[in-house]
1. In nm, to one decimal, how far is the modelled label at D40 from the one at N12, with both set 7 Å along Cα→Cβ?
2. Which GluC sites (Glu not before Pro) in the stretch 46-145 sit in a loop by DSSP (not H, G, I, E or B) and have at most 12 other Cβ atoms within 10 Å of their own Cβ?
3. Stretch L103-S128 to full length: gain in nm at 0.36 nm per residue minus the Cα-Cα span?
4. Place a +1 charge on the Cβ of each Lys and Arg in the stretch 31-108 and a -1 charge on the Cβ of each Asp and Glu, then give the dipole magnitude about the Cα centre in debye, rounded to the nearest 20.
5. Given only helices, namely DSSP H runs of n ≥ 4 each adding -39500 (n - 2.57), what is the per-residue ellipticity at 222 nm of the chain, to the nearest 500 deg cm²/dmol?
6. Go ahead and run the numbers for FRET between I121 and L19, Cβ-Cβ distance against an R0 of 41 Å, rounding to 0.05.
7. Toward the positive end of the charge dipole of the chain, about the Cα centre and with charges on Cβ (Lys, Arg +1; Asp, Glu -1), which of I116, C42, I132 goes farthest?
8. Among L19, L58, L98, which one moves the most in a GNM of the chain with springs linking Cα atoms closer than 10 Å?
Amino acid sequence: MENKQIVGYIPNLLFKFYLRLKERFDPTLPPKEEELFCIDICKKLIPNESSKLTIAPLSNKRYIKNDEKDMFIVIQDRTISLINHVYSYNVFIEHNKLYEEVLSSFDSELERRRLILEDEIRSNIKHSLKSILDKVTQDSPSKPV
C-alpha cells in the first residue's frame, strides 16, 4: 500500500517540477495580432447562415465559403488560408488554444447544421409514410372481423 503512494507521489512531484521548468525556459508566447484577426474572421463567418461549411475527412481540411462576403477560407494543419477575389493570406496559428477554439467552433456549427438537416429528412419521411398510410387506408375496403 505504501509503495503505491510513493510511486504516485514521486511521478506527480517530478511532473510539477517539469511544468515549472518548462514554463521558465520555454514560456508560451502571446498570440500574434494576425493570428487573432484571422481567428476572429473565422469565428464571425462560421455561425453566419450564409456561410457554407464543408469538411474533407481524408485530408482533414475544413472549408468556409461565404458568397455574400466574397470569402473563402481553408483550415488545415494549423494554417488558415483566407482567399478573396482581391487578396489571399496564409496565416500559421502557433497558439494551440486559439487553433483548437476555431476547430471546435467549426465542428460544433457543422454538427448543429447536420442535426437540422437530419430532422428535416426525418420529418419528410414521416410525412411521406403518413401519406402512404392514408392512401392505403382509403383504397382498402374495410372487412368485418
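Read-outs throughout are calculated quantities, based only on the coordinates presented, and are distinct from any laboratory measurement. Just so it is clear, the structure is predicted and the values come from calculations on it, not from any experiment. Cβ sites come from the backbone with ideal geometry, for glycine too, and all protein chains shown count toward neighbours.
1. Using points 7 Å along Cα→Cβ, the separation is 4.3 nm.
2. Filter output for the stretch 46-145: E49, E68.
3. My answer for the length gained is 5.3 nm.
4. Using Cβ point charges on Lys, Arg, Asp and Glu, the stretch 31-108 gives about 180 debye.
5. Counting only the DSSP helices, I get -20000 deg cm²/dmol.
6. Taking R0 as 41 Å, the efficiency between I121 and L19 is 0.25.
7. Among I116, C42, I132, the one farthest towards the positive end of the dipole of the chain is I132.
8. Sorting by GNM fluctuation, first place goes to L19.
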